[in-house]
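S.K.: Have a look at this one.
The values are calculated or read from the model by the stated rules, or taken from the named source; none is laboratory data. Note that this is a predicted model, so its numbers are computed, not measured. Cβ: placed from backbone, ideal geometry, glycine included. Neighbour counts: every protein chain shown.
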Amino acid sequence: MSPVKAAHTRKTRLTHTPPVEIRVAQPITMQRPVLVLNASYEPINICGARRALVLVLKGVARTEEEQGAILHAARVRVPMPSVIRLLEYRRIPHQTRALSRKNILLRDRNTCQYCAIVLNSGELTLDHVQPRSRGGLSTWENLVACCHNCNRRKGNHLLNELTEMKLLREPRPFSLHTSRHIMRMIGHSDPKWRRYLYYES
């Protein structure tokens, strides 16, 4: 190959080198948390990237911030969202979330409320602060995340009967304010969330 032709070939390769893109989104990318904003830009929820993509493709929401990865489907090239915004305002009632095991663990951040150990959801149970056998009810104020060891230690006792056990914090209903606090915590891992979670003025 002549020097002139070789130089032309190198120049062509430099000019036409395609940008590096993720051709197939990995499962961990599809499950990555995405911040959901109301039409007013108020943060109202967190969902997985797969659900966020569905909302965007259906025209229910638009992408406000991107992750940086690209999903390639049939004739479609879609940036993976980090923040999406609903196109129609959704009225959010000022009430607590549904009382459930999942929401109790989310409120308590997967942390045993007696020994402060952080575990996976499957390794935690729920404890009635005032045992059911002693009149305790299944309410936000009486249910806490608890590891199995602490659950066995506490047994059927009240906390004032156990000098070595106490609650990390007073259990309260999982309110919208609590939800925003959780969003702020998760947002530490994605700087693009900061402007929507009131970190910046």
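S.K.: If Y114 meets every condition in (1) part of a strand (DSSP E or B); (2) out of contact with any Ser or Thr (no Cβ under 6 Å at 6 or more places or on another chain); (3) modelled with pLDDT of 90 or more apart from one, which number is that one?
M.R.: Condition not satisfied by Y114: (1).
S.K.: May I pose another question? Hey, any hits in the stretch 181-197 for a residue that's in contact (Cβ under 8 Å) with a residue 12 or more places away in the chain, loosely packed, with under 12 Cβ neighbours inside 10 Å and either among the aromatic types (F, W, Y) or not assigned by TED's automatic domain parsing to the domain that holds Q67 (or both)?
M.R.: Within the stretch 181-197 (the criterion being in contact (Cβ under 8 Å) with a residue 12 or more places away in the chain, loosely packed, with under 12 Cβ neighbours inside 10 Å and either among the aromatic types (F, W, Y) or not assigned by TED's automatic domain parsing to the domain that holds Q67 (or both)), the answer is no, since none of the residues qualifies.
Okay, residues lined up against (1) assigned by TED's automatic domain parsing to the domain that holds L106; (2) surrounded by fewer than 15 Cβ atoms within 10 Å (Cβ to Cβ); (3) closer than 21 Å to H177 by Cα; (4) out of contact with any His (no Cβ under 7 Å at 6 or more places or on another chain):
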residue: V36; (1), (2), (3), (4): no, no, yes, yes
residue: S40; (1), (2), (3), (4): no, yes, yes, yes
residue: I44; (1), (2), (3), (4): no, no, yes, yes
residue: R50; (1), (2), (3), (4): no, no, no, yes
residue: V54; (1), (2), (3), (4): no, yes, no, yes
residue: A61; (1), (2), (3), (4): no, no, no, yes
residue: E66; (1), (2), (3), (4): no, yes, no, yes
residue: L86; (1), (2), (3), (4): no, no, yes, yes
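S.K.: Just one of the numbered conditions (1) surrounded by 14 or more Cβ atoms within 10 Å (Cβ to Cβ); (2) in a loop (DSSP other than H, G, I, E, B) is not true of R90; which one?
M.R.: The single condition R90 does not satisfy is (1).
S.K.: Quick one: is L126 in contact with a Lys or Arg (Cβ under 7 Å, 6 or more places away or on another chain), touching a residue at least 24 places away in the same chain (Cβ under 8 Å) and closer than 30 Å to P93 by Cβ?
M.R.: Here the answer is yes, as L126 does meet what is asked.
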